[in-house]
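Written out below as structure tokens is the structure these notes cover.
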Amino acid sequence: MWNQYYNLKLTDLDIQKGHHRSKVGGMWDEMGKKQLGFMKEMGLKPQHELLDVGCGSLRGGIYFIKFLNEGKYCGLDINSSLIRAGQAEIKQGNLTGKKPMLLVNDHFQFKLFNKMFDYAIAQSVFTHLPTNVIQRCLISMEKVLKPGGKFFATFFETKDNFTDNPVNQPGGPITYLDKDPYHYHLSIFEYLIKDSSLRLSYIGDWGHPRNQKMICFTKMEQHAPNRDIKGEI
Ligand SMILES: C[S@@+](CC[C@H](N)C(=O)[O-])C[C@H]1O[C@@H](n2cnc3c(N)ncnc32)[C@H](O)[C@@H]1O
């Protein structure tokens with residue numbers, strides 16, 4: 001599960017000085033507003049249950065919490081000091097009454113929230129993860145999305161599949177096959193959800209300033225697993 005965020009430790013002073021804002025990529029207000037604007041366009045309403053995967057210090061979270069009804073926001077992150085910073089942002093924004101639920105967890109154990117979700121988002125998270133960890137995230141997500149529920153995730157895209165060439169992302173970083181920041185060919189996501197009740201759709205450009213593309217995993221209303229049932233009556 002290791003990545004640069006696993007061992008990041010912010011002190012209380014770091015948090016007071018606002019260092020947690022740059023640690024999740026900066027552009028605090030721009031990227032916060034953009035996430036909420038996008039999710040509203042995709043149908044997010046105040047009464048929906050939202051899961052923010054890799055929520056960090058709540059760059060998007062603060063905007064989501066303001067918009068959603070009480071108790072509707074859940075955020076999970078691998079890093080405890082970013083979650084502490086998120087709690088400080090909630091206090092500062094007078095949003096404690098909205099009762100957001102935050103969880104530090106390194107195995108995507110979304111079930112610990114004890115609810116099913118209408119929407120989920122992982123903004124700038126898959127960009128830091130190898131494929132096996134992304135698959136764990138998707139396996140856990142399948143179990144907590146309501147039928148028809150949608151999980152949006154951003155990723156750095158490569159159009160060339162079978163090459164180890166780094167990609168110079170327009171307006172963004174150089175991305176890699178096998179190190180953070182990772183890029184992926186779209187087809188890998190189709191492969192990762194094979195035999196699941198999730199379906200992939202490509203949204204692509206959503207105005208991300210560093211050229212991260214958007215995909216959506218939708219939980220099917222009814223799922224007939226495509227598995228061999230030989231021997232069963
Ligand atoms: C670039 S930040 C984005 C944070 C937030 N989504 C946002 O838009 O501000 C990446 C986040 O992913 C989190 N992360 C990385 N690996 C993770 C994992 N395996 N499980 C949960 N969160 C993870 C990091 O701790 C960090 O908060």
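Values in this text are rule-based calculations from the coordinates and carry no lab data. Computed from a predicted structure; not experimentally measured. Note that we place each Cβ from the backbone using ideal geometry, even for glycine, and neighbour counts take in every protein chain shown.
Quick look at the values:
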read-out	value
Those lysines that a straight Cα-Cα span of less than 20 Å connects to LYS159, excepting residues fewer than 8 apart in one chain	LYS179, LYS213
Where only alpha carbons of the chain are counted, the Rg and the Dmax (Å)	17.7, 65
Cross-link partners of LYS23 among aspartates and glutamates (Cα-Cα below 13 Å; sequence separation of 8 or more within a chain)	ASP14
Order of CYS216, CYS74 - criterion: other Cβ atoms within 10 Å of each residue's Cβ, fewest first	CYS216, CYS74
With at most 11 neighbouring Cβ atoms within 10 Å, loop chymotrypsin sites (Phe, Trp or Tyr not before Pro) (DSSP) excluded, longest segment of the chain	7-161
Nearby lysines by direct alpha-carbon distance to LYS115 (threshold 22 angstrom, same-chain neighbours under 8 apart not counted)	LYS40, LYS45, LYS66, LYS72, LYS98, LYS99, LYS143, LYS146, LYS150, LYS219
Neighbourhood net charge (15 Å Cβ-Cβ; Lys/Arg +1, Asp/Glu -1) for ASP29	+3
Proxy reagent accessibility, fewest Cβ within 10 Å first, across LYS143, LYS33, LYS150	LYS143, LYS33, LYS150
